[in-house]
Amino acid sequence: MQEKCHLYKGAVFYFTDSPVNRKDSYVYIPNGALVITEGKILETGSYDAVKSKYMSIPETDYSGKILMPGLIDAHIHYSQTEIIGMYGKQLLDWLNDYTFPAEMNFNSPEHAFRIADTFIHELLRNGTTTCVAYPTVHPVSVEALFQTASSINMRIITGKVLMDKNAPDGLTDNVVEGEKESRQLIEKWHKNGRNLYAVTPRFAITSSMEQMQMAAHLHKAYPDTYIQTHLSENLNEITSTLNLHKGHSDYLNVYEKAGLLTDRTLLGHCIHLSESELKRISNAGAIIAHCPTSNLFLGSGLFDMQKANAAEAQTVLGSDVGAGTSFSMFKTMGESYKIMQTLGYPMSALETFYKSTLGTAKALKLEDKIGSFRTGSEADFIVVDPAVTPTQQLRKEYLMRANKWTIENQLFGLQITGDDRNISATYILGVKKSDTRSSHLALEK
Ligand code: GUN
Ligand code: ZN
């Protein structure tokens, strides 16, 4: 047994429970060790205790760095990697002017594989080891992402975008075609290796009620798939939706009527919800993917985490690249903090880290596999250097002098000042994926 083990020395940090309204929600071992065997977590503990038990196994020294579970991005569009940071306008114009033209190119396998490759590199460089991603309407775009992730055994959740109206020719399907293509992809990829499928009606503006109902039936036929869509991101989007789908009490009601509101449904954004909508999402056990950098970039509005917590809705964080402005979940957390500050809720760093690790794993019902260092979990982990820039080093020295270099202050510093430079290494199933700081990464296959 021991000959297959590897020990990593460093500060060990992971959640055991939600930190919202609770203490004792995490494990932090400053002089710690993590033991991996065959791609799984075997043990964590103090370095001295672990070392005395596993005297002769190979060891990697990450002293001064934090070993934590890989970050999870719950909402991201891989097909928008090349249109990140496009100037001006709000959601619907942004979709028409930049997004749809870029997504049209994904009928080309070459293009899809090229973007998928960069996309996966960017995730790894930023310490993201799992994501829930939107490709495009083209089946080959899904193939490219699943294949690229599979080539490095990375866990990914994605599924063909369904759009049968209000989009350019070349970017639409229809009910029959959308179902057939989705079924074929589910049969091929869902639970194949670490891949999982998300039935993906883009949003109510680009899908007919018939297509959304088909999507709900498809999910019922494969009940351990997910559903992902967008909800209440932008005020004009809400008005357009209710004009297109007459006779519904509110935006969420369109998805409810279609049968899309389940405990495996991820709803992107959810900024402008009524109390009733929030309550119904909470009761259904659906998941709100909060995407702060995107919401600020498109001027969509400010999501209220405190209200969502009070309604006991499940909330997780997403980058929403390419409306989101960074692949870094640290930056995503930082912008979330600033939004909540504006709304009078100085959210703790523990909450944002939880909602990018174990909290997301739990919402996805994957907590036995990812998101923590529980024995038997898949060894997707990152090595985080909390002080890489001169300013971060000064901040660290200041806090150390004051005896306040706590894990909470380290995490808060990362989310406010951190980015890809703080990710020293990213491991997938216990295998290091190259040096994440180099500008051009070669995936170690
Ligand atoms: N709503 C429907 N599609 C999209 C998209 O691609 N990005 C964002 N931010 N919102 C959407
Ligand atoms: Zn989105």
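The values are calculated or read from the model by the stated rules, or taken from the named source; none is laboratory data. Keep in mind that what you see is a predicted model, and the values were worked out from it rather than measured. Reconstructed Cβ throughout: ideal geometry from the backbone, glycine too, with neighbour counts over all protein chains shown. All accessible areas refer to the heavy atoms of the entire protein, side chains included, with ligands and DNA or RNA removed. Shrake-Rupley method; radii C 1.70, N 1.55, O 1.52, S 1.80 Å.
Odds and ends about this structure:
- One residue stands out in segment 216-230 among those that are in contact with a helix residue (DSSP H, G or I) (Cβ under 7 Å, 6 or more places away or on another chain) and touching a residue at least 40 places away in the same chain (Cβ under 8 Å): the one that is nearest to ligand 1 (Cβ to nearest atom), namely ALA216.
- Residue list for segment 305-346, filter: in a loop (DSSP other than H, G, I, E, B), more than 16 Å from ligand 1 (Cβ to nearest atom) and under 19 Å from the mean Cα position of the chain (by Cα): ALA313, SER328
- When each of GLY64, GLY88 is tested for being in contact (Cβ under 8 Å) with a residue 60 or more places away in the chain, more than 16 Å from ligand 2 (Cβ to nearest atom) and on the phi > 0 side of the Ramachandran plot, the lone residue that passes is GLY64.
- Within segment 176-212, if we keep just the residues that are under 17 Å from VAL137 (Cα atoms) and among the polar types (S, T, N, Q), the residue that is surrounded by the fewest Cβ atoms within 10 Å (Cβ to Cβ) turns out to be GLN184.
- Across segment 246-272, the qualifying residues are those that are farther than 23 Å from ALA198 by Cα and away from ligand 1 (no atom under 15 Å from the Cβ), and the one among them that is surrounded by the fewest Cβ atoms within 10 Å (Cβ to Cβ) is LYS246.
- Flag if PHE327 is surrounded by fewer than 24 Cβ atoms within 10 Å (Cβ to Cβ), within 16 Å of ligand 2 (Cβ to nearest atom) and not small (Gly, Ala, Ser): no
- If you check ILE407, ILE416 for being open to solvent by less than 20 Å² (accessible area, probe 1.4 Å) and at pLDDT 95 or above, only one passes: ILE407.
- Test: MET104 is surrounded by fewer than 21 Cβ atoms within 10 Å (Cβ to Cβ), among the aliphatic types (A, V, I, L, M) and modelled with pLDDT of 95 or more: yes
- Which listed residue, of VAL27, VAL20, is under 30 Å from HIS230 (Cβ atoms), open to solvent by 20 Å² or more (accessible area, probe 1.4 Å) and in contact (Cβ under 8 Å) with a residue 12 or more places away in the chain: VAL20
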